[in-house]
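A quick write-up on the structure given underneath.
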Amino acid sequence: MSSAELEKPEFVPVPSWYCPKIPSDFTGAVQPLVYVAGLEIESNPVHRGIWEVIKLKPASKDFQPTYVNVSLDHKFPVKKEKNEPIETYAPLGVVKTNWLNKHLHQIPSVVVACFYIDWSDQYWSDKKTECANKIKELK
């Protein structure tokens, strides 16, 4: 067997009778979700131009992230705290039913925060603190 045959395995489709209810999230290519926060695309033409460049220029054919414009006040799903220690945790199944949908469509891989910075502003230290607080809120 040649090395070319080892590198590219043959795709074998799953018969429809085997598991007819496979969610579409499991069957397609997984692409990262990227939130862009702070762009005012409705009111600022410069921001609109930046947004159009981001949306129209995919990194490659195989890597096409999903970009979503959100406000800096966007609230993410709250992380659940586990009450029991990890050593005694026994999961009920392999993957929870909403896990893939949540991690593909609700929780982003990356959040890009955009701020307008005027380096000559006399209130620069206040602006810096404001930016830091906004980033803490996004976390």
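None of the figures in this text is laboratory data; all of them are computed from the coordinates on show. Worth saying up front: this structure is predicted, and the values here are computed from it rather than measured. FYI the Cβ positions are ideal-geometry reconstructions off the backbone, even for glycines, and counts take in every protein chain you see.
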- Query: Taking the Cβ of LYS127 as the center, what net charge do the other residues with Cβ under 10 Å away carry, scoring Lys and Arg +1 and Asp and Glu -1?
  - Reply: -3
- Task: List the residues whose amide H sits under 5 Å from the amide H of VAL36, counting only those 5 or more places along or on another chain, with H placed 1.01 Å from N in the peptide plane.
- Result: VAL68, ASN69, VAL70, VAL112
- Determine the alpha carbon to alpha carbon distance for each of LYS75/LYS102; LYS80/LYS128; LYS96/LYS134; LYS102/LYS139; LYS80/LYS127 and list only those over 23 Å. LYS80/LYS128; LYS96/LYS134; LYS80/LYS127
- Message: Show me, for the stretch 35-51, the HN-Hα J-couplings you get by feeding each phi into the Karplus relation (A = 6.51, B = -1.76, C = 1.60, θ = phi - 60°), rounded to Hz, glycine and proline as x.
- Response: 9, 10, 10, x, 8, 9, 6, 7, 10, 10, x, 5, 5, 4, x, 4, 4
